[in-house]
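Below is one structure, written out as structure tokens; comments come after it.
The values are calculated or read from the model by the stated rules, or taken from the named source; none is laboratory data. Computed from a predicted model, the values in this text were never measured in an experiment. Neighbour counts run over all protein chains shown; Cβ positions are idealised from the backbone, glycine included. For the accessible areas, the whole protein counts, side chains as well, though only heavy atoms, and no ligand, DNA or RNA atoms are used. Shrake-Rupley method; radii C 1.70, N 1.55, O 1.52, S 1.80 Å.
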Amino acid sequence: MRTKLIITTFIASCLTTGNMQAQLSTNPNKFLGNITTVGSVEAGGGVPKFYELWNQITCENESKWGSVEGTRGKFNWGCDNAFNYAKNHNFPYKFHALVWGAQYPNWLPDLTPKERYAAITNWFNQVKTKYKTLPMIDVVNEAVGNHQNGNSMIKESLGGGGKTGYDWLIKAFDMAGQRWPDAILIYNDYNSFRWDVDNYINLVQALRDAGAPIDAYGNQAHDLGGCSASELSSVMKKQQDALKMPMYVTEYDIGDYDPETHGNSQKKDYQAQVPLMWEASYCAGITLWGYVYGKTWINLKEKNNPYQDARDANGNLIGPGISGLYINGEERPAMTWLKEYMASDKAKAATGPFPGAKKEASVYIRPASMKVAKGDVLPIKIHARLATKTIQKVDFYVGNELVKTMTEAPYIVEYTTSSSGTKSTKAVVTATDGTTYERYGRFQVLSDTTKREPYNETIPELPGTINTIEYDKGLSGVSYSSASRTEGASMTNGQWMDYTVNVKEDGYYSFDAEVAADNANGRFHLTEYGLDSLSYLTEFVEVPNTGGSSNYKLLHGKTIVPLTAGRHVISMMIEKGGFKIKSITLNRYEEGDGMSTKLMNFSAEYGVGDHIEIEGKFTSRNSPISHVKVYANNMLIGTMAQQGTTSTYTCDFVPDAMGTYAITAIVTAENGKSKTSAARELKVTSPTPTAIQTIARDIPKTSNVYNLMGVKVGTKTEWQSLPHGLYIVNGHKVMK
């Protein structure tokens, strides 16, 4: 493969009129890459062709979500240029910033968390449809703390911190791993070499220890101006000792406003830093972040303010794009040195974790929980897959103890914890050719010996009801967090509870949660911390105002993934509290064949307190209809009554608040199968009743017509007391 790359480059170079040279790096174990220049692959201006210098490409902006889907539902794949260029020149392309708390579409903040999660999922799906295979992906970009203002919104959109504090990031990597199992999945951040080292390490460790499919950590390296070799060497060692994973230098640039002397300080930093990074055996490659002076993102900064661009009296930038390696088509000293270094024996011989930029081994250690009581049993699954080789065995260690050797998948260990403290784990995958691949992790054993167990001796079965206060027994942080067994206690932000259940049958399930709230700010979801992935069982469920904290109503929803038969631990995650939830009943939901559901449209606007007739036409060919339940914004408002032997069903709805209601009906047949109608929008715009909406159908019509506009009646008796005739009710003609 490498010979092919060199030949391709040589032929292409001979066909150009520019500089006749090979790519700077000929090392088969790692790449020296760069980015697009102001949206173009070729920089122009007398600078050599991209493929004559670099053997990896990343889009500076073209692959970011905000650039691709600036208008919702319309996709501008400007990143195609770089993707196809890399393909044509046989070197790797990296998809940059799949998830980022900046440069997301400007329409995203206007959505609800549930809608944002759906939009992110659609974004992943659209990228997967467009690029079925990708060599490398910066899955999450700059998620440490408040590195980006949008991080809190993206965190909320992906399920929040959850049990681990990093659930949203674990979920993002799970979503990427499910779509691109062969891609090298990277976490990318800045200030990771100098200013925010510990927070960066903690985040990457959390992803690794949770078993997320993260393959490498990326250091942007924008902040290394003036960083000595000893300082950089020390922090690199600290990172690698803690993480024991492959590393990328993802966005390296050194600014130097020195056009007259061509950037001598830039050269000095390159000389001190590049060999350290390149020659590290765990470094998989370096991507420079631009190479043309005046066209890179780093500008000269004001004195004593490293974040403020320097400008002249007219507001013009002074020394824009100062990290370039070419100025007016001429090499700066750093570029001349870089070419010389890449031609050296040391640079050519440096080893790396991903030869040919290919991921041979996918190895992740996924514990059932990050915390466990002393003496309890912790299930752990080692996810091991080789791209071109065959696995001979998987050895699993806790500390230096070989716990189990496994020769057949699934590679699952049930480890009994005998002492407290942070436990280090290691999985060693041996291929049949003797090659080994390692992965490290950790979990925490608490000193308390209170083991996890179901609340009752009889484990709840699904279909069935889970009482909220009957969460699993055990330790805080293991079985629950911030929970209370007090009946009617309000939920709090970040609270969660685990429930051990037995699922009797595979399939999708619907649920009815018994909730009460005096505001509409609550939100929760059901999830499962499985040995394969972090699975969100439901959407993010918005809890509406039920009319008071003691006024319980049924809130309906469905699982978005099927449940499998057997033992499960389902977690109720409270993203936003301030509501009460007494119980949640789950029933198997199976779509019925031969069922027709149609709700009638609402052609008028109504007031609070109106008696509004909801009408639908429902049929079931294979099994008689058992019942029809109707919902307003997923809240149960009644059971519809059949009108004689017709297919028409009706019920009365009296709204107690203004707003827009999505009205749906769920028809259930006697064979247990159901079908949900399309939603109809009902608008309540007046704080007072507008007109009668309940019509007595058993009053015979006559030919006498009375136009009695303005008559207001609210009951069937009042309606019956009126003379027969034509009435104008809420703008509609109604014959009595």
>> Expected output is a single nm value to one decimal: the length gained when fully extending between residue 202 and residue 593, i.e. 0.36 nm times separation in residues minus the C-alpha distance. What is it?
In response: 135.6 nm
> In debye, nearest 20: dipole of the range 501-575 around its Cα centre with unit charges on the Cβ of K, R (+) and D, E (-)?
Replying inline: 100 debye
> So what's the angle, to the nearest 10 degrees on a 0 to 90 scale, between helix 167-179 and the longest Cα principal axis of the chain?
Replying inline: 80 degrees
> Considering the chain, what Rg and Dmax in Å follow from its alpha-carbon atoms?
Replying inline: 31.6, 105
> So what does residue 231 come to for accessible area, using a 1.4 Å probe and Å² rounded to 10?
Replying inline: 70 Å²
> Using a simple charge model, +1 on the beta-carbon of Lys and Arg, -1 on the beta-carbon of Asp and Glu, nothing else, what dipole does the chain show about its Cα centre, in debye to the nearest 20?
Replying inline: 1100 debye
>> What are the equivalent ellipsoid semi-axes of the range 561-662, built from the alpha-carbon gyration tensor (square roots of five times its eigenvalues), in whole angstrom, biggest first?
In response: 29, 24, 11
> Regarding the range 555-618, what is the average projected area of its C-alpha convex hull, in nm²?
Replying inline: 8.4 nm²
>> With a 1.4 Å probe and all protein chains left in place, how much accessible area per residue does the chain have, in Å²?
In response: 43 Å²
> Along the positive direction of the dipole of the chain (beta-carbon charges: Lys, Arg +1; Asp, Glu -1; about the Cα centre), which of 188, 387, 119 reaches farthest?
Replying inline: 387
> Over the Cα atoms of the range 542-591, Rg to Rh with Kirkwood Rh, two decimal places?
Replying inline: 0.99
> By accessible area of protein heavy atoms, probe 1.4 Å, what ranking do 376, 138 get, highest first?
Replying inline: 376, 138
> Any idea of residue 627's accessible area? Nearest 10 Å², probe 1.4 Å.
Replying inline: 70 Å²
> Any idea how far the Cα center of the range 49-89 sits from the one of the range 297-311, in Å?
Replying inline: 28 Å
> Within the range 560-585, whose backbone N sits under 16 Å from a point 7 Å along Cα→Cβ of residue 469?
Replying inline: 580-584
> Which whole-number percent is the relative contact order of the range 568-667 (Cα, under 8 Å, 6+ apart)?
Replying inline: 28 percent
> Straight-line reach from residue 673: which lysines have a Cα under 16 Å away, not including same-chain ones fewer than 8 places off?
Replying inline: 558, 629
> Against the longest principal axis of the chain, how steep is helix 333-342, in degrees 0 to 90 to the nearest 10, with axes from Cα atoms?
Replying inline: 90 degrees
> When the Kirkwood radius is taken over all Cα pairs of the range 450-584, what Stokes-Einstein diffusion coefficient follows at 37 °C and 0.692 mPa s, in µm²/s?
Replying inline: 219 µm²/s
> Of 409, 526, 165, which is farthest on the positive side of the dipole of the chain, counting Cα position, with +1 on Lys and Arg Cβ, -1 on Asp and Glu Cβ, and the Cα centre as origin?
Replying inline: 409
>> I need the per residue convex hull volume for the range 372-504, using only the alpha carbons, in cubic angstrom as a whole number.
In response: 157 Å³
> Once Rh for the range 315-373 is found with the Kirkwood sum over Cα pairs, what is the Stokes-Einstein diffusion coefficient at 25 °C and 0.890 mPa s, in µm²/s?
Replying inline: 145 µm²/s
>> How far apart, in nanometres, would the label points at residue 459 and residue 328 be if each is projected 7 angstrom from Cα along the Cα-to-Cβ direction?
In response: 7.7 nm
> What is the calculated FRET efficiency for residue 476 to residue 641, with r their C-beta to C-beta distance and R₀ = 56 Å, to the nearest 0.05?
Replying inline: 0.70
>> Need the C-alpha centroid separation for the range 552-601 versus the range 474-491, integer Å.
In response: 22 Å
> So what's the back-of-envelope 222 nm ellipticity for the chain, counting only DSSP H runs of four-plus at -39500 (n - 2.57) apiece and dividing by all residues, rounded to 500?
Replying inline: -5500 deg cm²/dmol
> By how many nm would the segment from residue 447 to residue 412 grow when fully extended, if each residue of separation counts as 0.36 nm and the alpha-carbon distance is taken off?
Replying inline: 10.1 nm
> Over the range 342-458, what percent of the accessible surface lies on carbon and sulfur atoms, probe 1.4 Å?
Replying inline: 45 percent
> Can you give the net charge of the other residues whose Cβ lies under 13 Å from the Cβ of residue 487, counting K and R as +1 and D and E as -1?
Replying inline: +1
>> How large is the accessible surface of residue 59 in square angstrom, using a 1.4 angstrom probe and rounding to the nearest 10?
In response: 0 Å²
>> Counting only protein heavy atoms and a 1.4 Å probe, tell me what percentage of the range 630-694's accessible area is made up of carbon and sulfur.
In response: 50 percent
>> Within 10 Å, Cβ to Cβ, of residue 58, how many net charges do the neighbouring residues add up to if Lys/Arg are +1 and Asp/Glu are -1?
In response: -3
> On alpha-carbon atoms, Rg over Rh for the range 431-527 using Kirkwood Rh?
Replying inline: 1.11
> Want the number for residue 121 to residue 402: 0.36 nm per residue separation, take away the alpha-carbon distance, what's left?
Replying inline: 97.2 nm
>> Can you give me the C-alpha center-to-center distance between the range 106-139 and the range 178-229, rounded to a whole angstrom?
In response: 21 Å
> Within a Cβ distance under 13 Å of residue 112, other residues only, what is the Lys/Arg minus Asp/Glu net charge?
Replying inline: -2
> At residue 420 and residue 658, where each label point lies 7 Å from the Cα along Cα→Cβ, what is the point-to-point distance in nanometres?
Replying inline: 5.8 nm
